[in-house]
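Step one of this worksheet: look at the structure below.
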Amino acid sequence: MTAITKNAALILLTAVLLAGASSCIMEDRTVEFVVTEETCAPFDIDSPFTSFTEPAFVFLADDLNGVLSDNDAAREDIVTARIVSLSYRVTQFSHDHDWDITGAVTVERQDVADGPDTLLNYTDQSVQGALGVKIPANLNEDGVGVLNRALDDFIAGGNPVLIFKVVNGGVNPPPSVSDRIVFQWEPCLVTHIVVKKDIEVPDPF
Amino acid sequence: MPFAAIVRRSCVLLALLVCVATPLSAQIESQLSAYTGANATGYLQPLANAFGADLNCGIFRSASIPHLRPSLRLEVQVMSVFFGDDDKTFMAVTEHGFSPEQRVSAPTVVGSEKAVLVDGDGGTSYAFPGGFDLHSFALAAPQLRVGGLYGTEAIFRFFALKVGGGDKEGDKDLGDINFFGFGLKHDISQYMPPGIPVNLSAGFFWQRLSIGENEKGGHLMESNAFSIGVQASKKLGFFFVPYSGLSYDTHSMAVSYDSESGGVKKTENIDLDKTATLHFTLGLMLNTPGMNIFGEYNIASQSSFSFGVGLGF
């Protein structure tokens, strides 16, 4: 056998081995990804009174379906979804003086009987001081429970609708008809959605 | 299967191994989007270390270099590392305003596929993403040796490929993969007193691998590796050439990805920890006229192995 023939045979053998090995390089994995979603609910406050209540509706299924679609995932791929944190900030305020407000944000379900429960409390919060600044909130376990049950219902195929309410009990100095308290603010909720995905990864040895 | 089809499939396989990072790249970016800063570095570091170890092996073999005979050899080799338990986890810190802040042992990119959850204040929870459960990480590289002039040999590695994201809607086009390496090796035993029982050489090798392009014109991933060292070998019988080497290797890697931390999408640029390590090689080459086959094991901060085949003269 000439050297060229021997070399050709070895090349062929090497190529066959490489070709045969190609199916062994890729391995199947089911990986748990974490999708971070921040949902904000805007409130418009315009009141001459110390006590006021303002609702905001959040259609949770629409928001989460959009997030899943952006990440090439479906509802049945969700392993778990949980509330991570909440912050709030004033997004619009223009007045010749500041106000300090005291109250709470509650949450309840519109689609089923759950809540209202307090999500967070704020005490002597400066409206001017919260303008453009994200302030972390100390969350109340009962309110977080309403949210987590809504997330569980979504995973199970439901269509939860949340009602957030600002229940303000105190304003200093007190507003009046001629000096109304006017501002926009929003609490923003961070949620972690754990999604499983079947993928192929290279793991040849 | 026709031979031409085998060759085509083999070339595809080699291309697959060379750009083994790229099918992972799109998936890794999804995982990284939940991480920033120190967490992203800890998550990716084992893969970066493996990259460096793979790039810096399989370069130098026989220390014997012709002095006045031209030599040309085209080689293909596979370089790989095995991951240990230490590579599977890192100490991650909770982010996104989670309270209380906690440090948790979480999977790295090569660790468990399962996410890790921790509980916080007020019924909140935080999730750390899973990894890809990799046991090994392999690269393949074509390599060209040109030499024979006064005991000096030049070594080149080169590969370029444009990678699409696949047929699925929304798959990312990862862009260009560019891989280039250059080095020189010189026979130093010619300067030694006669009677030395082995061939000795010294050499260096520099490599750069870049993948894709981000919106700011930089690369999605860029890796630089450098190795400098000495080699010894001895021909036994007609075909067998055991060889050994001692080198100093460095490697650095930078990654760019989109993060959605805090609900705001932004581009994160992270420079992974630069590695520098001594590297000891033990190998055996089977050298026949026109072809050689080799296998070697490398002991360094990340141990690796390599094998391949070369054709030429």
Scalar couplings 3J(HN,Hα) for segment B:268-282 by Karplus 6.51 cos²θ - 1.76 cosθ + 1.60 (θ = phi - 60°), nearest whole Hz, x for Gly and Pro, are 9, 10, 10, 9, 6, 4, 6, 10, 9, 8, 6, 9, 10, 10, 10
Over all residues in A:32-44, what is the mean tally of Cβ atoms on other chains that come within 10 Å of each residue's Cβ? 5
Considering only the other residues whose Cβ falls under 13 Å of the Cβ of B:L200, what net charge follows from Lys and Arg at +1 and Asp and Glu at -1? +1
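Loop only by DSSP, 16 or fewer other Cβ within 10 Å of the Cβ. Give me the trypsin sites (Lys or Arg not before Pro) in segment A:98-163 that pass, ordered by residue number. Provide the component values of the computation, followed by the final result.
Working: sites: A:R109, A:K134, A:R149; in loops: A:K134.
For trypsin sites (Lys or Arg not before Pro) across segment A:98-163 that sit outside H, G, I, E and B with at most 16 neighbouring Cβ atoms in 10 Å, the list reads A:K134.
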Using r as the Cβ-Cβ distance of A:N121 and B:L278, and R0 as 60 Å, what FRET efficiency do you calculate, to the nearest 0.05? 0.50
Roughly what would the spin-label model give for A:N172 and B:S301, points 7 Å off Cα along C-beta, in nm? 5.7
Please identify the trypsin sites (Lys or Arg not before Pro) of segment B:177-228 that satisfy two criteria: DSSP loop assignment and at most 12 other Cβ atoms within 10 Å. Which are they? B:K216
Using the Karplus equation 6.51 cos²θ - 1.76 cosθ + 1.60 (θ = phi - 60°), what ³J(HN,Hα) coupling, rounded to whole Hz, does each residue of segment A:33-42 give in order, writing x for Gly and Pro? 8, 10, 9, 9, 10, 10, 10, 10, 10, x
Shielding score for B:130-136, defined as the mean number of other chain Cβ atoms within 10 Å: 6
Say each of B:D121 and B:N214 gets a label point 7 Å from the Cα, pointing the same way as Cα to Cβ; how far apart are those two points in nm? 3.3
Over segment A:28-150, relative contact order from alpha-carbon pairs under 8 Å, at least 6 apart, %: 23
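Please tell me the relative contact order of chain A in percent, rounded to the nearest whole number, where contacts are Cα pairs under 8 Å and at least six residues apart. Each step should come with its number before you reach the end.
Details: 419 pairs, mean separation 85.8, N = 205.
RCO, chain A: 42 percent.
Per-residue mean of other chain beta-carbon atoms within 10 angstrom of the beta-carbon, peptide A:79-87? Please report the intermediate quantities before stating the final value.
On the way: counts 5, 4, 2, 8, 7, 11, 12, 3, 4.
Taking all residues of A:79-87 together, the mean is 6.
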Can you give me the angle between helix A:141-155 and the longest principal axis of chain A, using Cα atoms only, in degrees from 0 to 90, rounded to the nearest 10? 40
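Bear in mind these aren't lab numbers, they're just calculated from the coordinates by the rules spelled out. Worth saying up front: this structure is predicted, and the values here are computed from it rather than measured. Ideal geometry is used to build each Cβ from the backbone, glycine not excepted, and the neighbour counts take in all protein chains shown.
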